[in-house]
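What follows is a short report on a single structure.
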Number of protein chains: 2
Amino acid sequence: MKDNHQRPSVTVDIVIFSIREDELQVLLVRRDIDPFKEKWALPGGFVKIEENLEEAATRELREETGVKDVYLEQLYTFGDVKRDPRERVITIAYMALINSENIKVEGKTDVSDARWFAIKKLPLLAFDHKKIIEYSLKRLMWKFEYTSVAFSLLPKEFTISKVQKIYEIVFDKIFDKRNFAKKLLSLNVLEEKGIKKDVSHRPPMLYSIKKNIPKIIEILKV
Amino acid sequence: MKDNHQRPSVTVDIVIFSIREDELQVLLVRRDIDPFKEKWALPGGFVKIEENLEEAATRELREETGVKDVYLEQLYTFGDVKRDPRERVITIAYMALINSENIKVEGKTDVSDARWFAIKKLPLLAFDHKKIIEYSLKRLMWKFEYTSVAFSLLPKEFTISKVQKIYEIVFDKIFDKRNFAKKLLSLNVLEEKGIKKDVSHRPPMLYSIKKNIPKIIEILKV
DNA sequence: TGAATAGTGTCTTTCAGACAATATGCC
DNA sequence: GGCATATTGTCTGAAAGACACTATTCA
């Protein structure tokens, strides 16, 4: 290999989704340096020379949210020459799905400020991060239709109506309760975990997802 | 941005698919330098510092095959620390689909040797290129199920049985002629282009694909 | 018993998939 | 007429989607 080529910088950026306040939200950090100082941006940073890409993404995720063991998926690599005004930066975008109940510390970040934003009310974003989030939302919906990633947004035990709720949030659409439950249960990926207590109405069945279910399960066609 | 980070090299590698001799084939080049000298590898090369990723992929594709205006899609980025024994190299893999009839010159390459290989009879491959090809085959099948990319492997005008043929090759499976035609025509993405001549049997209808058809059309569930 | 949510069944329509006979053009 | 491939329709079973009533717990 000839060594006379200029090397770009390489970063990872992570679109961290969670369901909070009955909305689909994304975690953003406020930049404290130029360019785009004071603007909001995706959490991310340089890939270290001795670090795999997924390790870099996992590290950034932990630094921002303190969570581990979350769903993490490589999305797409954005590398337009002018996407960073300073120098050539290629970024590998990842998507993470976390159940907000798992987040211990919200401000556990070295960046000045971190906040959750509803996907429908994003602030002005640095770089091409708007494009990255739009892309990741498409991917998220696709994944909701064809896989079981939705359960990554829920705690270990959940009710059917909680599952339906996050589908309705992600697709911004109401589903029929009977058809939804029929479809979900027919997939044979859930197991009963007993009745939920402490509710002032008919108590629902709790479910958890079985181990080792196939990746593609075609939950919902929308 | 601090400038004290080490930069990896970044390349693009392209999985170029075509249907040839009733097989799904991939174009490979033989390496004439170490490491993996004499081994076969995916066509690819460094991303230039002033070149977008897709431009780099397009350029490499043209250098190897002489074709332009082909289907090109970014697949996935492979960046394991040890995937290149010399130094850190992150590669952005692309998939290209070409209709072999369009290839003008096969040996139009600066690499010592380029050859088509059946996907089922691949030689020993350099780096992690076997993994990349396996990944791209999965993506290709996925795309065949849910989109109209299959037509990128065909000339402008084609018969229904040619379409069925490439589906059978890609999925390595025989489909029922009546059901296939029924499904394909019901999608309403084809237009008739007249009757093919010069065949010594009942002449088939030629079709072309309409402009501006939606990306997701769910051609075949396999 | 009223409020709140859980849980459940039927009917209709659509579509995938199994299956084979006839049509056309060339020799 | 024989050969080669093109073209086409029906039936069945499964699943999607429309639709509403009963059940359970607590206050």
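Structure notes:
- Only alpha carbons enter this Debye calculation for the stretch A:1-76, each as an equal point scatterer, and the log10 of I(q)/I(0) it gives at q = 0.21, 0.22 Å⁻¹ is -1.05, -1.12.
- Of the DSSP H helices in chain B, those whose Cα atoms cover at least 15 Å axially and whose Kyte score averages -0.5 or more: B:160-171
- Nonlocal amide H pairs with A:E218, under 5 Å, H built at 1.01 Å: A:T147
- Net +/- balance of residues flanking A:K177 in space, Cβ distance below 12 Å, scoring K and R +1, D and E -1: +2
- When DSSP beta bridges are restricted to pairs lying wholly in chain B, around 75% turn out antiparallel.
- For the residues of A:90-97, the average number of beta carbons from a partner chain within 10 Å of their own beta carbon is 2.
- In nm, spacing of pseudo-spin labels at B:K165 and A:D22 (7 Å Cα→C-beta vector): 5.8
- Sequence-ordered 3J(HN,Hα) estimates for the stretch A:210-215 from the Karplus curve with 6.51, -1.76 and 1.60 and θ = phi - 60° stand at 5, 6, 6, 7, x, 5 Hz, glycine and proline given as x.
- Remark: the stretch A:8-14, residue by residue, has Karplus-estimated 3J(HN,Hα) of x, 7, 10, 10, 10, 10, 10 Hz, where x stands for each Gly or Pro and the curve is 6.51 cos²θ - 1.76 cosθ + 1.60 at θ = phi - 60°.
- Over the Cα atoms of the stretch A:46-185, the radius of gyration divided by the Kirkwood radius equals 0.99; this is the Rg/Rh ratio.
- Alpha carbon Rg of the stretch B:135-212, scaled by the compact-globule rule 2.2 N^0.38 Å: 1.13
- Positive end of the dipole of the protein assembly as shown (Cβ unit charges, origin at the Cα centre): among A:I219, A:P43, A:G66, the Cα lying farthest that way belongs to A:I219.
- Near the amide H of A:L75, within less than 5 Å, lie the amide hydrogens of A:A93, A:Y94, A:M95, all on another chain or at least 5 residues away, with H placed in the peptide plane.
- Helix-only mean residue ellipticity at 222 nm for chain A, each DSSP H run of n ≥ 4 adding -39500 (n - 2.57), per residue, nearest 500: -7500 deg cm²/dmol
- The protein assembly as shown: antiparallel DSSP beta bridges as a percent of all, rounded to 5: 75
- Using a 7 Å Cα-to-Cβ projection, A:I213 label spacings across copies, nm, ascending: 3.3
- In a reduced charge model with +1 at each Lys and Arg Cβ and -1 at each Asp and Glu Cβ, the stretch A:75-222 shows a dipole moment near 380 debye about its Cα centre.
- 3J(HN,Hα) from dihedral phi, the stretch B:113-119, Karplus parametrisation 6.51/-1.76/1.60, rounded to Hz, x for glycine, proline: 7, 9, 8, 8, 10, 5, 4
- Peptide B:6-19 - average C-beta neighbours from other chains (10 Å radius): 3
- For the stretch A:156-204, a crude dipole built from +1 on the beta carbon of Lys and Arg and -1 on the beta carbon of Asp and Glu, taken about the Cα centre, is about 120 debye to the nearest 20.
- Rounded to the nearest 20 debye, dipole of the protein assembly as shown from Cβ charges on Lys, Arg, Asp, Glu: 1560
- Charge-dipole axis of the protein assembly as shown as Lys and Arg at +1 and Asp and Glu at -1 on Cβ define it, positive-most pick from A:V10, A:L140, B:V189: B:V189
- Amide H to amide H distances under 5 Å link A:I16 with A:L27, A:A96, where only residues 5 or more positions off or on other chains count and H is placed in the peptide plane.
- Computed over chain A: relative contact order in percent, which uses C-alpha pairs under 8 Å that are six or more apart: 21
All of the numbers you see were taken from the coordinates with simple rules; none came from a lab. All of these numbers come straight from a predicted model, not from anything done at the bench. Don't worry about glycine lacking a Cβ; one is built from the backbone with ideal geometry, like all the others, and counts go over all protein chains shown.
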